[in-house]
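Novice: Sharing a structure with you now.
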Amino acid sequence: MTLCPCGSNRSLEECCGPLLAGAPASTPEALMRSRYSAYALCNIDHLERSLAPESRSDHDRKAAEEWSRSAEWLGLSILSSEGGKAGDETGMVEFLARFRHGGLEQSHHETSRFRRHEGGWVYVDGKVHNKPTVRSSPKVGRNDPCPCGSGRKYKQCCGR
């Protein structure tokens with residue numbers, strides 16, 4: 001069983017696989033997860049297909065493919081989701097996508113807008129909350145020594 005890249009802990013076949021193959025998304029969150037999976041699996045056709053018609057003119061297929069191939073996709077966190085229920089015509093999903101590019105760990109934080117279109121959901125646009133962040137030093141784990149030099153574990157010192 002191949003786990004879905006979107007982090008749902010479900011198999012690709014029962015999670016994003018059908019959407020990547022062309023099935024309509026049932027919710028904005030499902031579409032957001034499938035778009036992350038499309039980047040992780042370099043499925044540029046899905047990225048184009050899942051765009052709202054008015055957003056397709058801004059899509060740069062070559063740049064999307066280059067970014068998809070050159071990044072190591074580390075994980076997706078859905079921070080919040082609004083709308084997208086039965087009877088809703090619009091929805092929003094705030095997410096954080098982590099990736100490694102050029103050897104540096106980075107993140108992309110965005111609130112995306114979605115709308116219903118032809119029986120499914122499509123991506124309209126998004127507001128980026130940050131420029132990709134680059135970690136200048138290794139990540140400190142909870143049980144690692146605190147970088148302040150106190151001699152205590154990070155979780156008992158500066159990690160509180």
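Rule-based calculations on the coordinates, nothing more; no lab input. Values in this document were obtained by computation on a predicted structure and should not be read as measured data. Ideal geometry is used to build each Cβ from the backbone, glycine not excepted, and the neighbour counts take in all protein chains shown.
Novice: Does ARG116 satisfy the criteria of being touching a Gly at 6+ places or on another chain (Cβ under 9 Å), surrounded by 13 or more Cβ atoms within 10 Å (Cβ to Cβ) and closer than 24 Å to GLY22 by Cβ?
Specialist: Spelling it out, ARG116 is indeed touching a Gly at 6+ places or on another chain (Cβ under 9 Å), surrounded by 13 or more Cβ atoms within 10 Å (Cβ to Cβ) and closer than 24 Å to GLY22 by Cβ.
Novice: Could you grab the pairs with beta carbons closer than 7 Å, sequence gap of 6+ or different chains, first residue in the stretch 75-92 and closer than 24 Å to PRO5 by Cα, second one among the basic types (Lys, Arg)?
Specialist: Hits for this filter: GLY75/ARG98; LEU76/ARG33; MET92/ARG113.
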